[in-house]
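Take a look at the structure set out below.
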């Protein structure tokens, strides 16, 4: 993993590569000179440069391929890189191509100008002159040798040995020797006394001697100079050969050598004319291609270096667009782009800070909103807000608890949707809708509707909402379930009435009763029998009515009396069984008891609950005229995180009218001829004093059904 | 698959293009015609008489006639045969040969490593004929009838003038070397 962190200095690397390339090209240029010591390395240098060319070409191809991929992927900065690179290549290629073309033209014309007919002829003439000069010299030496061979003809070997030195000096030969046909040396003489053995002819010379009888040639000598070898046959009894070696004067030899060197060099150059053109063209092409490819590669590096901050900026802006406001870019250089990057970093910092502040404010607002929502949610008062189009915007939990409608599901919908889904509340909701739409003033209205627990009364208050500009934004409606409050007010009123009745009516009743009985007692004997009977009837009626009024007042007193509960924990099932058994023995009504379990613990005043059971069962018996069946059921229910014991009593009597149901628990509401109308009012009062609820089960249609829920112990 | 077809097509075209050059290559080159081995006076001294065949291409002939010297190296190896491994080199010798035209004398000079002097020839054929006959003395002991003599003649392209070298490496006209030829040891 550490290798990835190693970053080579690209500029240094590129400079080193360029240095190597220049060195290699310089070496190859030097090696192309035939006289250079590097000429032996020419082929290797050519190969090295060719490899360098291939490497550079591969690098450029890889970079072009990479750029192509970036362009296809539409990566940041790729188009800018492509444009800059295209511009650079065009600017570099055009002058390079022009220079290359004219250089090649100039080179070829220059090489062609080296050779022409005049120089060819001059060189040929110079060589021929040298050859003629040497040839004349050779012919002169041939004549001299012939003279000596003639002089030595028919002489003995001894004489030849004696005379040969003189003859050599006479004709100024370097060496002179006489040998037989088999190569045996007869006599010899040399200008150099240390040369004991003469320079003997080789096989070719012998071959020519055998064929022609003489040999002459200009040949290189042992010192690198030129010598003339002449071999003549000597007329004798036995075949003898005279060989004379003549040194060509140094000056002539040097001149001839110089001419020969120039001629050979010229001939070689003429032969190499095409190769020279090709070689120089190759060298020039190599230089051009290497320079061009290296420049393109360097352009890739430099442009990438230049575009890098732009690429980072593009990535940075993309990151900012994606919401990463903390994006910071590295400042690669202290130039214009570096200044741009610094400005970008400053901008993102400020944006991030603003974002943080906005987020903090938003969080604060959110926390406030949540706090308000919590307050609203925990309010016992229902709150529903509407927008200008009467669409529900918010609703708290109390709204659901009071209305028994999941109002929050209808957020964003109009009240009409609520009306369509809950037609039983249509009248009340339509009233509310009209109130909400009617105007810009506060309003208050009491609305009644039938809830699952019976008739409910709501006290609704509406407040229109306005913006700062005074535009109506909607409205908020606050409502409370005042059913219990109204009931309590009613109860209190009835309690007051009962107390007053007890105080104002019951007190005079006893004197009235006593007075009526005294009147009967005093006057019965004094009146006629018929009058006495009538008095007796009237008195009895007065007493009966006074008794009835006393009972009524006692019932009122009972209803109005404050609760004095003796609460204890009991099993409601046992209490129900006791009361049920009592009535089962006394009447012909059948009882059924269905209990889901055996323990139904409640903390109640047993006497009060017993009275409740008496009232309900007595009502049922009277409703069924003493015949029929009363079903009693007991079960545990869990509601609002509390355990309740639910007691239900169903009869098969005449049942209740729908208009009676709403007011059945109010005092003096009864459908019995002799009833006071206080029985169910007392039942409801007792149940509510124990924290329970009672309602009429409207779903039951075979008679009347009452459901009581008491908190479990 | 399409890429493979293109490559095969390119190779085929190249092969067809090089066909005429390969055919022409038979007219020139250097070959080892025969090798004769004889024992010298000394016990471990042997003389190899090698008969070579030098045939110059038109380009090489023109080069010689224009004064360009041509150089070869005759490499000789006396090999001891081994069954499970490469042959062992008992002795090895390299004989340089140079052919050059002397314009002033209008003769062809042959310099060879086994002779001190320069041999001059009036014609190119004579010079080549002289170069073809090579006498080389080798010294080795414990020779076996399974020994072999390997000979190779290598044309020295690097001895050519520098402008000519790239062409010499690329053109078959300058392929004036022989392959290794192996000859059995026969006294």
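Restricting A:165, A:187, A:151 to residues that are over 30 Å from residue A:270 (Cα atoms) and buried (at least 19 other Cβ atoms within 10 Å of the Cβ) narrows the list to A:187. All told, residue A:204 meets the bar of being closer than 21 Å to residue B:110 by Cβ, within 11 Å of chain B (Cβ to nearest Cβ) and either within 60 Å of the chain's Cα centre (by Cα) or assigned to a helix (DSSP H, G or I) (or both). Listed conditions (1) within 14 Å of chain A (Cβ to nearest Cβ); (2) buried (at least 18 other Cβ atoms within 10 Å of the Cβ); (3) in contact (Cβ under 8 Å) with a residue 12 or more places away in the chain are all met by residue B:133, apart from (2).
Scanning the stretch B:114-130 for residues that are without any contact (Cβ under 8 Å) to a residue 24 or more places away in the chain and either more than 14 Å from every other protein chain (Cβ to nearest Cβ) or assigned to a strand (DSSP E or B) (or both) gives B:114, B:119, B:120, B:121.
Against the condition outside any loop (DSSP other than H, G, I, E, B), more than 14 Å from chain A (Cβ to nearest Cβ) and within 28 Å of residue A:262 (Cβ to Cβ), how does residue B:78 come out, does it pass? No, not satisfied. Do we have any residue at all in the stretch A:317-331 that's on the phi > 0 side of the Ramachandran plot and in contact with a helix residue (DSSP H, G or I) (Cβ under 9 Å, 6 or more places away or on another chain)? Yes: one or more hits.
When you check residue A:231 against the structure, is it touching a helix residue (DSSP H, G or I) at 6+ places or on another chain (Cβ under 8 Å), under 27 Å from residue B:121 (Cβ atoms) and away from every other protein chain (no Cβ under 11 Å), yes or no? Yes. Being more than 14 Å from chain B (Cβ to nearest Cβ) and surrounded by 15 or more Cβ atoms within 10 Å (Cβ to Cβ) is a condition met by no residue of the stretch A:115-135.
For every residue, the table says whether it meets (1) in a helix (DSSP H, G or I); (2) modelled with pLDDT of 90 or more; (3) surrounded by fewer than 12 Cβ atoms within 10 Å (Cβ to Cβ).
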site: A:326; (1), (2), (3): no, no, no
site: A:329; (1), (2), (3): no, no, no
site: A:333; (1), (2), (3): no, no, no
site: A:338; (1), (2), (3): yes, no, no
site: A:343; (1), (2), (3): yes, no, yes
site: A:346; (1), (2), (3): yes, no, yes
site: A:352; (1), (2), (3): yes, no, no
site: A:357; (1), (2), (3): yes, yes, yes
site: A:367; (1), (2), (3): yes, yes, yes
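Residue-level check: of (1) at pLDDT 85 or above; (2) outside any helix (DSSP H, G or I); (3) within 11 Å of chain B (Cβ to nearest Cβ), residue A:224 misses just (1).
For the stretch A:274-285: of the residues being modelled with pLDDT of 85 or more and more than 9 Å from every other protein chain (Cβ to nearest Cβ), which is nearest to residue A:137 (Cα to Cα)? Taking the candidates together, the pick is A:281.
For the stretch A:246-273, a residue qualifies if it is in contact (Cβ under 8 Å) with a residue 24 or more places away in the chain and more than 14 Å from chain B (Cβ to nearest Cβ), and the qualifying residues are A:246, A:247, A:250. Just checking, which of A:322, A:308, A:294 is farther than 20 Å from residue A:18 by Cα and either touching a strand residue (DSSP E or B) at 6+ places or on another chain (Cβ under 7 Å) or in contact (Cβ under 8 Å) with a residue 60 or more places away in the chain (or both)? From the options A:322, A:308, A:294, the qualifying one is A:308. Selection of the stretch A:236-248 for residues being surrounded by fewer than 20 Cβ atoms within 10 Å (Cβ to Cβ) and modelled with pLDDT of 85 or more yields only A:247.
Every residue, every condition in (1) modelled with pLDDT of 85 or more; (2) part of a strand (DSSP E or B), yes or no:
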position: A:399; (1), (2): yes, no
position: A:420; (1), (2): yes, no
position: A:426; (1), (2): no, no
position: A:440; (1), (2): no, no
position: A:444; (1), (2): yes, yes
position: A:448; (1), (2): no, yes
position: A:457; (1), (2): no, yes
position: A:460; (1), (2): yes, yes
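For the stretch B:95-103, the condition holds for no residue, the condition being that it is under 30 Å from residue B:141 (Cβ atoms), within 14 Å of chain A (Cβ to nearest Cβ) and either at pLDDT 90 or above or in contact with a strand residue (DSSP E or B) (Cβ under 8 Å, 6 or more places away or on another chain) (or both).
The set of residues from the stretch A:49-106 being over 38 Å from the mean Cα position of the chain (by Cα) and more than 18 Å from residue A:289 (Cα to Cα) comprises just one member, A:106.
The values are calculated or read from the model by the stated rules, or taken from the named source; none is laboratory data. Fair warning: this is a prediction, and the values are worked out from it, not measured in the lab. When we count neighbours, we look across all protein chains shown, and the Cβ atoms used for this are built from the backbone with ideal geometry, even at glycine.
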